[in-house]
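S.K.: Here's a structure for you.
Laboratory data are not the source of any read-out in this text; all were calculated from the coordinates shown. This structure is a prediction, so every number in the text was calculated from the model and none was measured. Here Cβ is always computed from backbone atoms with ideal geometry, including for glycine, and neighbour counts include all displayed protein chains.
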Amino acid sequence: MFQTNMVTHLWDLVDEGLESVLDCLHGGIGVTGLCVPVATGPGRHLRYGAGVVPRVFQTRGGVFFPPNKARYERTRCKPISSGWLRSRDPLRKLSELCRERGLGLRAVIECTNTGRIAAHDAHFAQKNVFGDVSRSQVCLANADVAEFVRALSVDVSSTYAIDTVELTGLAPLSCSATDSHQYLSLGAQQLLALCFCESCMQSAAEAGVDVESAARSATVRLDTVFRTGQPIETSLAALADDDPPLCSFLAWYRDRIAALVSSVGASCNACIASHARLASGAGEEAIDPGYTRGANIVVLDFFDAEIGLLERTIGHLRGTLVDEQRLEAQLSVTPPAAGDDQALVRNLTRVAESGIPSANLDHYGRLPRDHVDLVKQAIRFARRTFR
Ligand SMILES: [Zn+2]
């Protein structure tokens, strides 16, 4: 049967009541599971639920369950609990309720942007090619950070009834929507997202990569963008095809990420999913499949409403799957700004028609409650058309 998981933040579950949210999602909408972010970065989350307080939930981020400290003995990078949690453990109750109702439960870990660690200790933070140290993003090529992500995945999946651990933010991409980086072209954004921290420089050099030349190339290309205002429309992967030092630096980084994902998979008694996100305004070829290696499931994060792009991206990603990997999709339940109410119904149906067995719906907190029936209808259509 076609599966649907609603992405649901713990603060929405707690503030609206676990039982009543589950009644809406399970009984009302008919989802088959939940995806719960358990380690996130800082954020301001506008909530659409009637009368929900506070209307904007603000968090400095962190880990959203009480970590078992013994699990992190092999890393200097330690979990920092969200201040919101205090001494509570709502994930435990949720896990029990999901089990009782026969609902699946997935834990989502925002790997790069994971709560407060970079701000707390710059040793674990990313550093761009200009030497700017991130206050929010950690470097996944750092061995302590990689061990932290592995330990966190083991901790959450062995403490609660978690069937899948979803890892997001593995590709060097992204900036948040409020970030001025978003005005850069795709290639420039991706170049600026590359980490050249001491840990990366040293371990890439040890692997035989000419890191000095790779850094020089990134600097020259970005300086040219800043001087001329000319965009780099091609993706980083395509740029690197004609740039051997950059190409080998990227290949080294992809290998580090693949090793991280494989180590998480080898130590967890759960499926491992890696998210592949289509950057805003980018074509399907901008998704680099190098960051999904080692995962059982590849989740296509699709926030656009255009069905042609969805179809092309599914086709592109399908061609990159290896070793029994399964493709899934994640679609937004918030109607697009253009007011296309049917976008979710259309896209979810097409996902199911394409033979994709499962989709995440993002997310409960920003679901207009008048659209509950629409989401229910989208799921019903998708189930009917799945083959
Ligand atoms: Zn680094």
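S.K.: Roughly how compact is the chain, stated as its Cα Rg over 2.2 N^0.38 Å to two decimals?
M.R.: So the Cα radius of gyration is 0.96 times the expected 2.2 N^0.38 Å.
S.K.: Starting from the exponent 0.38 and prefactor 2.2 Å, build the expected Rg for the stretch 7-70 from its residue count and divide its actual Cα Rg by it. Could the numbers behind the result be given before it?
M.R.: Working: Rg = 13.0 Å, N = 64, 2.2 N^0.38 = 10.7 Å.
Taking the Cα Rg and dividing by 2.2 N^0.38 Å, one obtains 1.22.
S.K.: Additional query: Once both axes come from the Cα atoms, what is the angle between helix 90-101 and the longest principal axis of the chain, in degrees from 0 to 90, rounded to 10?
M.R.: It works out to around 50 degrees.
S.K.: Continuing with this model, one more query. Most fluctuating residue of 157, 217, 274 in a GNM of the chain with Cα springs under 10 Å: which is it?
M.R.: 217
S.K.: Now for a different question. With contacts defined as alpha carbon pairs under 8 Å and 6 or more residues apart, what's the relative contact order of the stretch 194-273 in percent?
M.R.: 30
S.K.: Given the options 41, 365, 49, state which has the largest fluctuation in a GNM of the chain using a 10 Å cut-off (strictly under) for Cα springs.
M.R.: Evaluated over the chain, the most mobile residue of the options is 49.
S.K.: Which residue, 372, 149, 298, tops the fluctuation ranking in a GNM of the chain built on C-alpha contacts under 10 Å?
M.R.: The residue with the greatest mean-square fluctuation here is 372.
S.K.: Would you be so kind as to identify which of 224, 109, 57 lies farthest towards the positive end of the dipole of the chain, taking Lys and Arg as +1 and Asp and Glu as -1 on Cβ and the Cα centre as origin?
M.R.: Going by the Cα projections, it comes out as 57.
S.K.: ³J(HN,Hα) across the stretch 8-20 via Karplus (A = 6.51, B = -1.76, C = 1.60, θ = phi - 60°), whole Hz, x for Gly/Pro?
M.R.: Result, rounded to whole Hz: 9, 6, 4, 5, 5, 4, 5, 5, 9, x, 4, 4, 6.
S.K.: Also, quick follow-up: Counting only residues 5 or more places away or on other chains, whose amide H sits under 5 Å from the amide H of residue 166 once H atoms are built in the peptide plane?
M.R.: 107, 108, 109, 273
S.K.: Something else: Around residue 197, which amide H atoms from residues at least 5 apart in sequence, or from another chain, sit under 5 Å from its own amide H, with H modelled in the peptide plane?
M.R.: For residue 197, the qualifying residues are 127.
S.K.: Explain nothing, just compute: Karplus ³J(HN,Hα) = 6.51 cos²θ - 1.76 cosθ + 1.60, θ = phi - 60°, for every residue of the stretch 380-387 in order, whole Hz, x for Gly and Pro.
M.R.: Working through the residues one at a time gives 5, 4, 4, 4, 5, 8, 5, 9 Hz.
S.K.: Right, here's the next one. Can you tell me what percent of all Cα-Cα pairs in the stretch 295-362 are more than 14 Å apart?
M.R.: 54
S.K.: What number, rounded to the nearest 500 deg cm²/dmol, is the helix-based mean residue ellipticity at 222 nm of the chain, given -39500 (n - 2.57) per DSSP H run of at least four residues and division by all its residues?
M.R.: Values: 13 runs with 146 residues, N = 387.
About -11500 deg cm²/dmol.
S.K.: Also: Using the alpha-carbon atoms, what tilt in degrees (0 to 90, nearest 10) does helix 143-159 show relative to the longest principal axis of the chain?
M.R.: Result, in degrees: 10.
S.K.: Count the DSSP beta bridges whose two residues both fall in the chain, then state the antiparallel fraction as a percent rounded to the nearest 5.
M.R.: Values: 8 of 47 bridges.
Here the antiparallel bridges make up roughly 15 percent for the chain.
S.K.: While we're looking at this one, here's another question. Using modelled amide H (1.01 Å from N, peptide plane; none on Pro or chain starts), what sits under 5 Å from the amide H of residue 4, excluding residues fewer than 5 places away?
M.R.: It is 32, 33, 359, by chain and number.
S.K.: Compute the relative contact order of the chain as a whole-number percentage, counting only Cα pairs closer than 8 Å that sit 6 or more residues apart in sequence.
M.R.: Contact order relative to length: 18 percent.
S.K.: From the C-alpha coordinates alone, can you work out the Kirkwood hydrodynamic radius of the stretch 180-322, in Å?
M.R.: Answer for the stretch 180-322: a Kirkwood hydrodynamic radius of 16.5 Å.
S.K.: If one takes the longest principal axis of the Cα atoms in the chain, at what angle in degrees, from 0 to 90 and to the nearest 10, does the Cα axis of helix 244-267 lie?
M.R.: 40
S.K.: Give the shape of the stretch 250-387 as rounded, prolate or oblate, defined through the alpha-carbon gyration tensor: a ≥ b ≥ c are the square roots of its eigenvalues, a/c under 1.5 means rounded, and otherwise the shape is prolate if a/b is larger than b/c and oblate if not.
M.R.: prolate
S.K.: Further question on the same structure: On average over all directions, what projected area in square nanometres does the stretch 51-152 have, based on the convex hull of its Cα atoms?
M.R.: Taking a quarter of the hull surface, the average projection is 8.6 nm².
S.K.: Would you work out the relative contact order for the stretch 1-139, in percent, from Cα pairs under 8 angstrom that are 6 or more residues apart?
M.R.: Normalised by residue count, the contact order of the stretch 1-139 is 24 percent.
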